[in-house]
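The values are calculated or read from the model by the stated rules, or taken from the named source; none is laboratory data. Just so you know, these numbers come straight off a predicted model, no measurement behind them. Reconstructed Cβ throughout: ideal geometry from the backbone, glycine too, with neighbour counts over all protein chains shown.
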Amino acid sequence: MYADWGIRCNVIRPGLIETDMTAKINSNPLVRKMTEHTMSHTILRRRTGKAEEIANTALFPASDESSYITGTDIVVDGGWFTSAPYLGNERSHHMLTMIKKKEEVQQFLPHFR
């Protein structure tokens, strides 16, 4: 509808981002511990995002180089949205660690043959 007037509509969906507001929340030791657990088990990048990362993401859709992009969501969450359903289970059971260590995997596989 707005495209007829040259208006594009795109959305940036941030994950957990370091800001003044989240710094105040994370000043509580219990909340900080819960946040660290969440990052370790559900966010692929294993850290919070930075405000600069959101700003840099906004630069492209705001530029003329993205003139043909409209009606899309840009998710900037360190992989949280795509990984949360399965990554927490994988990391809590140390499956990723086992896969990385070739020796352990080789010792583990004979049990399934």
What is the residue count in region 2-51 for residues that are exposed (fewer than 10 other Cβ atoms within 10 Å of the Cβ) and either in a loop (DSSP other than H, G, I, E, B) or touching a helix residue (DSSP H, G or I) at 6+ places or on another chain (Cβ under 8 Å) (or both)? 3
Output yes when any residue across region 76-92 is among the small types (Gly, Ala, Ser), surrounded by 14 or more Cβ atoms within 10 Å (Cβ to Cβ) and at pLDDT below 65, and no when none is. yes
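Kindly indicate whether PHE60 is surrounded by 12 or more Cβ atoms within 10 Å (Cβ to Cβ), in contact with a strand residue (DSSP E or B) (Cβ under 9 Å, 6 or more places away or on another chain), modelled with pLDDT under 80 and in a helix (DSSP H, G or I). Don't jump to the end; show me each part of the working.
Values: surrounded by 12 or more Cβ atoms within 10 Å (Cβ to Cβ): yes; in contact with a strand residue (DSSP E or B) (Cβ under 9 Å, 6 or more places away or on another chain): yes; modelled with pLDDT under 80: no; in a helix (DSSP H, G or I): yes.
Answer is no for this residue.
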Residues that are within 30 Å of TRP5 (Cα to Cα) and β-branched (Val, Ile, Thr), drawn from region 44-74: ILE54, THR57, ILE69, THR70, THR72, ILE74
